[in-house]
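*Asks:* First, the structure itself, so that you have it in front of you.
Coordinate-derived values only; no laboratory data. If you're wondering where the values come from, they're calculated on a predicted model, not measured in any experiment. Heads up, the Cβs are rebuilt from the backbone with ideal geometry, glycines too, and the neighbour counts pull from every protein chain shown.
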Amino acid sequence: QDKMLVPLISKGFQHQFWQAVKAGADKAGEELGVTVTFEGPDNESQVDKQMDMLSAALANKPAAIGFAALDSQAAIPLLRQAQEANIPVIAFDSGVDSDIPVATAATDNVAAAALAADKMAELIGDEGKVAVVAHDQTSRTGVDRSEGFVNRMKEAHPKVEIVAIEYGGGDHLKSTEITKALLAAHPDMKGIFGTNEGSAIGVVNGVRELGAQGITIVGYDSGKAQTDAIREGLMAGAITQNPVGIGYETVRAAVAAAKGETVEPVIDTGFYWYDQSNIDDPEIAAVLYD
Amino acid sequence: MIELVQMEVIDKRFPGVHALKGVDFSLRAGEVHALMGENGAGKSTLMKCLSGVYQPDGGRILVDGSEVALPSPRAAQDLGIGIIHQELALMRDLTVAQNIWIGREPRLSFGRIDERRQNADAAAIFAGMNVAMDPRAPVGSLTIARQQMVEIAKALSYRSRVLIMDEPTAALNDSEIAELFTIIRKLRAEGVGIVYISHKMDEIREISDRVTVMRDGEHVGTVEAADTPISKIITMMVGRELTDEAVTVPDLTIAETALEVRNLGRGRDLQKIGFSLKKGEILGFAGLMGAGRTELARAIFGAEPPDQGEIIVHGKPAKICTPADAVRLGIGYLSEDRKHYGLALGMDVRANIALASLPRYADRLGRIDEKQLAVIARDYIGRLAIRTPHDRQEVRLLSGGNQQKVVIAKWLLRDCDILIFDEPTRGIDVGAKAEIYRLLNDLAAQGKAIIVISSELPEVLRLSHRIAVMCEGRLTGILPGGASQEQIMALATQREDIAVSQTAGEIKWT
Amino acid sequence: MDLKQARRGAAQQKLLAFASLIVLIVGFSLASPNFFQVSNIMAILQATSVNGVLAIGVTLIIITGGIDLSIGTLMTFCAVMTGVVLTWAGMPLPVGVLTAIATGAICGLISGTFVAKMKIPPFIATLGMMLMLKGLSLIVTGTRPIYFNDTPGFTTIAQGSLIGRLVPAFPVPNGVLILFIVAGLVAWILGRTVLGRYTFALGSNEEAVRLSGVNTDAWKMAIYALAGGICGIAGLLIASRLNSAQPALGLGYELEAIAAVVIGGTSLAGGRGTVLGTLIGALIMSVLTNGLRVMSVAPEWQTVVTGAIIVIAVYADQLRRGKVG
Amino acid sequence: MDLKQARRGAAQQKLLAFASLIVLIVGFSLASPNFFQVSNIMAILQATSVNGVLAIGVTLIIITGGIDLSIGTLMTFCAVMTGVVLTWAGMPLPVGVLTAIATGAICGLISGTFVAKMKIPPFIATLGMMLMLKGLSLIVTGTRPIYFNDTPGFTTIAQGSLIGRLVPAFPVPNGVLILFIVAGLVAWILGRTVLGRYTFALGSNEEAVRLSGVNTDAWKMAIYALAGGICGIAGLLIASRLNSAQPALGLGYELEAIAAVVIGGTSLAGGRGTVLGTLIGALIMSVLTNGLRVMSVAPEWQTVVTGAIIVIAVYADQLRRGKVG
Ligand SMILES: Nc1ncnc2c1ncn2[C@@H]1O[C@H](COP(=O)(O)OP(=O)(O)OP(=O)(O)O)[C@@H](O)[C@H]1O
Ligand SMILES: Nc1ncnc2c1ncn2[C@@H]1O[C@H](COP(=O)(O)OP(=O)(O)OP(=O)(O)O)[C@@H](O)[C@H]1O
Ligand SMILES: [Mg+2]
Ligand SMILES: [Mg+2]
């Protein structure tokens, strides 16, 4: 067991997004010759499950740890334990409110959602009713994305009215039903924003099942269903992060920190708007997954 | 003179059933008042009204001459009215003592229960009853007869002024009944008023002071027990006279053997049992409570397969591991515990009757021929005089005796070649009993082989062509039909350490 | 006479069981003009289809006195296996349909074996199945959804509308049609066949059934297998609606389905229950969710109101049956 | 004589119930040197504490023949109310502790009233409570966690170690200590007190208890309230571990707790069950989860293996009890 062990404790593992992060992490692990493990709870409310995962990971005496905190405060005692054991911690996906992590590889979700809001406003002519189908009411990413979107609308596009924010847990079917109910409640709806892959696909499904016309759908993340919907023109476009990059950079920084090298404290992995026009650009295609 | 209890024009209706139609009933202090009537006459319902379980729709109840309200069992208990329910109301997961003292646990500080005192008190009651019972045994592990003893002990523990006993002896054997009667006489002497419900006519003669007869939810009459012949009471109950027939033993020398059991054993419960049963024969099994007759029947039927021994059915060695195997071989077993082992209480009469024979009334798609089942169910309801508003009534709403008849109908419909009836007439009224005896005789005449296990010696004697007697898990002897009660008792109490010498009839010792 | 009265009583009861549902529908229709529209009603029905089919399956098991926690993940697993057969192996559609149902039936049979032969309590047996199937779906797919783009007509299984083609005013989606067909079939099985009779009998008193010479183990396994097959149909429906097999889906669906069953008046103690009740229970749940959304109630209040209405609806049911003094 | 034998048998059985747990621990210790380390064992115990306390609470209800689906969200709601009292109102720590327990007891009493007085099946009554409490937690907090940074010593409730101060080699966290205290207390209640007796009696034959003149409704409500109070303790523990009240937490915890109870040999049919069994059940589950993680098994395989082992453990238990031929 001379190989370095770098466990990544994420916010989930079953979703395509997290699988892409994992793919990036595995790639870095292979290149750098370290063992990478990847784990996360079933949903983003299970803060204490994540704590248990973190302590199991620490039990294995890893060289460094990657951690996407569901709640940074709650994790502090364990992070301190890591610090005492000289295990460097790299935060990924979203930051940790603490000075323990030596680096953070994350997307600025608020800014990304604001970009989605701008694009939505532009597409619907800067006025009309818009709804949000979000994946989670309490998790950091859920809050950042829906608030980022709503606040940007309020500030920059006052004529756009946000008529509802509903939460479907990222479940495709629930998000489908929500969309159908929203369209029944607001027949004059102009656009819907889905805040993650499952929500966005649910919105597309709901609109498709109802055969509703003239609804502008903006999504988040990628995945085959979303890219297909964009190619077909059902979805206007979506925000994509760089999940592969997040995973890759996290492991790279972890290994560097474990070797005692200095690492850049903030690694911005960026986000992009993509639609029919640029979906096949090499720069975009590189960050999409399916 | 003020009656201890006076019930006036009590009326009670259930959906589809008018169970009590203005019934009067009275009870004096220091008397045993027998309540008689056919199955479903309304005896239990009347007593449930008196013990606060049901609220009557009309009429009034007076205790010591003043009208009382009995909204709950608790209220009745507070007035000194205790009841032994016909359908055992025990908590199977609790111990004997815990069952007896439920609701009245002797307490220590902090709500703690004084377990030791509770056990000692329970033991004292059983000592008074002359029954050996471990107060710490879980009730679920007891046989139904012993559960009945627990119910009786529980009722005694209340030290009630009014004690209602709804068929307390249905599951008991003669010696236990004798003990119970001693207790009842003592209570009577102490001035307790006792309502005694039973279908065993000889008991009525022996214990009761007055007899009230009910029929179809109506009060037929109240008479003094001492100067009323049993036949008169029976006539009051069933509206006609019954003739008691004696057993006639048919000549079965050339009949084929239907069932042979050799060297059957399981642990200490059953030891080296062997006997044979011919087509057309009724073999009675007698023995004291816990003799192992039920265990033997369950072993043959595959409900709890034996450890050793052979079972030969129609000349062929049979391997019986489950009841399904047994039924496939044409063996039927009517359990002594209808509630737990005989009936799907939540289902209707028709479905219960058909339960063992369903595939026969279904087509290849598995569709059930409901029309035919309805005809059959109504036929049995008529033949066995099952009192039910219709064949779709849920069985749990029938009176105890009528439930028993449903189980009998189930096995009659199954039409097995070998039938084992364990306490078949438990809780069944005299009229219906005669009918069932006739049915069993007819079945035997048709060439069925029948085993009847019964704790009522007169029943064993009345039915059996031969009588097998068991004691402590062993078959102590087989007597010819018409043997005397003394002969049976001698074998039934033949302990293992007493050498086997006396034999009567053919006995197989292996 | 008495029988007729009893029957009329029972029929009235059944009609009255709709009461809560009707009250809800009328209430929402008054509260929002957008609620009682053909398209929204169709959306509600469509939303009932998957949960309804699952609930009907688990009704069978609950009537035997058991429980099945694996229905949600089994549904997903069936969808995944259909994806494997249709998309990866490129088989024709009917093979996919058969695969879904067969997968469900086999997994149900395994659960049934755990319960009947190995005497593992149904809660544990199916909890184990739930976890195993959840993991297997992820493993088989490599945690990626399988899309059905190469199988023409796959989406019409749930989303097309046979009825709509005949009666354009009522574009009832096929998923709903399938729900009603399954309901009718299971109601027939429960009411008319030997299997149905044993389902009730097992829940009423298993030991008595065994002592009647019935091979209870075999029948129980058959019932679990049947319920599994029905989950397979639910798997087809959800895959067709999402045009994909989503391996991470399914957890939590069991609770919703069981809730529909119990709201519909089936007792978890076994021995009694109706398909119609389950259907109504499932409809109550989706009317409630949809109605509150259409009324734009805040999501956190939606949960509170849903909880309260479920309790009230069942309480009303108990009052009606005269169970509460 | 026979009785003594029976007792010895029962004691052996209880000892044997540890068997599956021991096998798991030995297996994992052999598989990974990092498993059997003091710090990891403490982590396992700590991970058991919340689920264990919840499971002990729901054991009471399951013994009565009921079920409680609201325990997870009730735990959260109690944590939230503690946050309101401590952080928002700035009250001292003991008031917060009392608030948690009282909130739990009151909500339990409400569930108990639904069940006992309104005759709503426990599944539905507590499902309704689950949803209502889930919504209420979000509403009260405005969907944001409440942190306990202003209450010094709050984190020591679960994370400190009284024992560790006395015996530094065994830094058993207080949360675990509390788990064992709760277990001892409830075992005592079940075994020695009137409340415990009625708990078993209700599950065994409620009608018989009623016929014995016991006010079954009142006792049932008391039992639900007690179980609720225990959920309050779980709420304190989780809040202390996370130094915050997380309003979205809790869903799914009920299933895990009930699973621990059933693995521990308590029957969902009611009438029987032990706290020790529940404790072992909860430990089996956390040893399993932790062990598979320490062995770095892929998460999707973890679920599969967990499911399989749960089934096997209970099967072994059934074999041991001679229930399977
Ligand atoms: N809860 C109930 N619902 C409907 N009918 C009932 C109910 N309880 C009793 N009955 C009916 O009332 C009648 C009287 O029943 P009851 O139990 O009093 O008879 P019984 O005289 O005690 O008979 P047995 O000798 O068989 O015990 C029966 O026809 C029975 O079917
Ligand atoms: N007095 C007793 N003490 C202990 N156990 C007993 C006693 N009576 C019965 N049993 C239990 O019951 C078993 C045999 O009962 P079984 O029911 O087979 O006898 P039975 O002859 O059918 O009598 P019953 O009239 O009770 O049905 C015994 O093996 C024993 O376990
Ligand atoms: Mg009676
Ligand atoms: Mg017997």
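*Asks:* What residue among C:G164, C:G264, C:G72 has the largest mean-square fluctuation in a Gaussian network model of chain C, using Cα springs under 10 Å?
*Replies:* Of C:G164, C:G264, C:G72, the most mobile in the Gaussian network model is C:G164.
*Asks:* Output the peptides A:93-100, B:406-413 sorted from most to least packed, where packing is the average of other Cβ atoms within 10 Å over each peptide's residues.
*Replies:* So the peptides A:93-100, B:406-413, ranked by packing, come out B:406-413, A:93-100.
*Asks:* Another question, then. For chain A, what is the relative contact order in percent, using Cα pairs closer than 8 Å and at least 6 residues apart in sequence?
*Replies:* 21 percent
*Asks:* Using a 10 angstrom Cβ neighbour count of at most 13 plus a DSSP loop assignment to flag exposed GluC sites (Glu not before Pro), which longest range of chain A is free of such sites?
*Replies:* A:128-260
*Asks:* Sticking with this structure for a sec: Return the lysines within reach of A:K129: Cα separation strictly under 17 angstrom, same-chain partners fewer than 8 residues apart disregarded; answer none if there are no such residues.
*Replies:* Within the straight-line limit of under 17 Å, A:K129 reaches these lysines: A:K119, A:K154, A:K159, A:K180, A:K190.
*Asks:* Could you sort out which of B:K272/B:K316; B:K278/B:K433; B:K272/B:K448; B:K339/B:K371; A:K49/D:K119 sit more than 30 Å apart by Cα distance in this structure?
*Replies:* Where the Cα-Cα span goes over 30 Å, the pairs concerned are A:K49/D:K119.
*Asks:* When the gyration tensor of chain A is built from Cα positions, what are the square roots of 5 times its three eigenvalues, in whole Å, from largest to smallest?
*Replies:* Working through the eigenvalues yields semi-axes of 36, 18, 16 Å.
*Asks:* While we're on this one: Debye sum, Cα scatterers, the stretch B:342-415, no solvent: what log₁₀ I/I(0) at q = 0.18 1/Å?
*Replies:* -0.60
*Asks:* Among D:Q302, D:Q159, D:Q246, which one moves the most in a GNM of chain D with springs linking Cα atoms closer than 10 Å?
*Replies:* Taking springs between Cα atoms under 10 Å, the residue moving most is D:Q302.
*Asks:* How many nm is it between the label spots at B:Q485 and C:I163, if each spot is 7 Å from the Cα in line with the beta carbon?
*Replies:* So the two model labels end up 7.3 nm from each other.
*Asks:* Then there's this: In debye, nearest 20, what is the charge dipole magnitude of the stretch B:342-415 about its Cα centre with +1 on Lys and Arg Cβ and -1 on Asp and Glu Cβ, if you could check?
*Replies:* Dipole of the stretch B:342-415, to the nearest 20 debye: 80 debye.
*Asks:* Turning to a different aspect of this structure: Could you check which residue among A:A103, A:A59, A:A68 shows the biggest mean-square fluctuation in a GNM of chain A with a 10 Å Cα cutoff?
*Replies:* Comparing A:A103, A:A59, A:A68 in a Gaussian network model of chain A, the most mobile one is A:A59.
*Asks:* For the stretch A:129-204, which trypsin sites (Lys or Arg not before Pro) pass both filters: DSSP loop (anything but H, G, I, E, B) and at most 15 other C-beta atoms within 10 Å?
*Replies:* For trypsin sites (Lys or Arg not before Pro) across the stretch A:129-204 that sit outside H, G, I, E and B with at most 15 neighbouring Cβ atoms in 10 Å, the list reads A:K159.
*Asks:* Same structure, new question: Charges only on Cβ, +1 for Lys and Arg, -1 for Asp and Glu: so what's the dipole of the protein assembly as shown about the Cα centre, in debye to the nearest 20?
*Replies:* That gives a dipole near 2500 debye.
*Asks:* From the Cα gyration tensor of the stretch B:1-71, with a ≥ b ≥ c the square roots of its eigenvalues, which class applies: rounded if a/c is under 1.5, or else prolate if a/b is larger than b/c, or else oblate? Write out the running numbers ahead of the final one.
*Replies:* Working: a/c = 2.19, a/b = 1.38, b/c = 1.58.
Cα axes put the stretch B:1-71 in the oblate bin.
*Asks:* Going by a ≥ b ≥ c, the root eigenvalues of the Cα gyration tensor, does the stretch C:40-251 fall in the rounded group (a/c under 1.5), the prolate group (a/b larger than b/c) or the oblate group? Please report the intermediate quantities before stating the final value.
*Replies:* Working: a/c = 2.32, a/b = 1.41, b/c = 1.65.
Oblate, since a/c reaches 1.5 and b/c is not below a/b.
*Asks:* From the phi of every residue in the stretch B:97-113, what ³J(HN,Hα) in whole Hz does the Karplus formula 6.51 cos²θ - 1.76 cosθ + 1.60 yield, where θ is phi - 60° and glycine or proline is x?
*Replies:* 5, 4, 5, 5, 9, 4, x, 9, 4, x, 10, 10, 5, 6, x, 6, 9
*Asks:* Once you average over the residues of C:192-199, how many Cβ atoms of partner chains fall within 10 Å of each Cβ?
*Replies:* Partner Cβ neighbours, averaged per residue: 6.
*Asks:* Measure out, as a whole number of angstrom, how far apart the alpha-carbon centroids of the stretch B:30-69 and the stretch C:88-127 sit.
*Replies:* Taking the Cα centre of each part, the stretch B:30-69 and the stretch C:88-127 sit 56 Å apart.
*Asks:* Turning to a different aspect of this structure: Across all directions of projection, what mean area in square nanometres is found for the Cα convex hull of the stretch B:3-238? Don't jump to the answer; show the numbers that get you there.
*Replies:* Numbers: hull surface 53.1 nm².
It is 13.3 nm².
*Asks:* Another one. How about the stretch B:290-324: which trypsin sites (Lys or Arg not before Pro) there lie in a loop by DSSP and see at most 15 other Cβ atoms within 10 Å?
*Replies:* Those satisfying the criteria are B:K319.
*Asks:* Say the dipole of the stretch B:91-166 comes from +1 at the beta carbon of Lys and Arg and -1 at that of Asp and Glu; which of B:A137, B:M165, B:N119 then lies farthest toward its positive end?
*Replies:* Most positive-ward Cα: B:N119.
*Asks:* Also, quick follow-up: Any idea what angle helix A:140-156 forms with the longest principal axis of chain A, computed on alpha-carbon atoms, 0 to 90 degrees, nearest 10?
*Replies:* That works out to roughly 40 degrees.
*Asks:* Okay, next question. Which one, B:L180, B:S455, B:P229, is farthest towards the positive end of the dipole of the protein assembly as shown when Lys and Arg carry +1 and Asp and Glu -1 on their Cβ?
*Replies:* B:P229
*Asks:* Rounded to the nearest 20 Debye, what is the dipole magnitude of chain B about its Cα centre when Lys and Arg each give +1 and Asp and Glu each give -1 at the C-beta?
*Replies:* Using Cβ point charges on Lys, Arg, Asp and Glu, chain B gives about 1100 debye.
*Asks:* Moving to a separate point now. Please average, across the residues of B:88-101, the number of beta carbons from any other chain that are within 10 Å of each residue's own beta carbon, and give a whole number.
*Replies:* 5
*Asks:* Counting alpha carbon pairs within less than 8 Å and at least 6 residues apart, what relative contact order, in whole percent, applies to the stretch D:68-219? Kindly include the intermediate steps, with their values, before the conclusion.
*Replies:* Numbers: 137 pairs, mean separation 32.3, N = 152.
Dividing the mean separation by the residue count of the stretch D:68-219 yields 21 percent.
*Asks:* Show log10 I(q)/I(0) for the protein assembly as shown at q = 0.05 Å⁻¹, two decimals, from a solvent-free Debye sum over equal Cα scatterers.
*Replies:* The calculated log intensity ratios at q = 0.05 Å⁻¹ are -0.44.
*Asks:* Distance from the Cα centre of the stretch A:181-240 to that of the stretch C:285-325, in angstrom?
*Replies:* 30 Å
*Asks:* Would you work out which of A:W273, A:A184, A:Y220 lies farthest towards the positive end of the dipole of the stretch A:147-275, given +1 charges on the beta-carbon of Lys and Arg and -1 on that of Asp and Glu, about the Cα centre?
*Replies:* About the Cα centre, the residue reaching furthest to the positive side is A:A184.
*Asks:* Not counting the cut sites, what is the longest span of chain B without GluC sites (Glu not before Pro) that DSSP labels loop and that have at most 14 other Cβ atoms within 10 Å? Kindly include the intermediate steps, with their values, before the conclusion.
*Replies:* Numbers: sites that count: B:E190, B:E241, B:E245, B:E256, B:E496, B:E506.
Counting at most 14 other Cβ atoms within 10 Å as exposed, the longest clean stretch of chain B is B:257-495.
*Asks:* Return the average number of partner chain Cβ atoms within 10 angstrom of each residue Cβ along peptide C:249-255.
*Replies:* Across C:249-255, the average partner-chain Cβ count within 10 Å equals 5.
*Asks:* Kindly provide the chymotrypsin sites (Phe, Trp or Tyr not before Pro) of the stretch C:25-97 that DSSP labels as loop, not H, G, I, E or B, and whose Cβ sees at most 16 other Cβ atoms within 10 Å.
*Replies:* The qualifying sites are C:F36.
*Asks:* Moving to a separate point now. Decide, for chain B, between rounded, prolate and oblate: order the square roots of the alpha carbon gyration tensor eigenvalues as a ≥ b ≥ c, take rounded if a/c falls under 1.5, and otherwise choose prolate if a/b is larger than b/c, else oblate. Numbers along the way, then the final one.
*Replies:* On the way: a/c = 1.66, a/b = 1.37, b/c = 1.21.
In terms of gyration-tensor shape, prolate.
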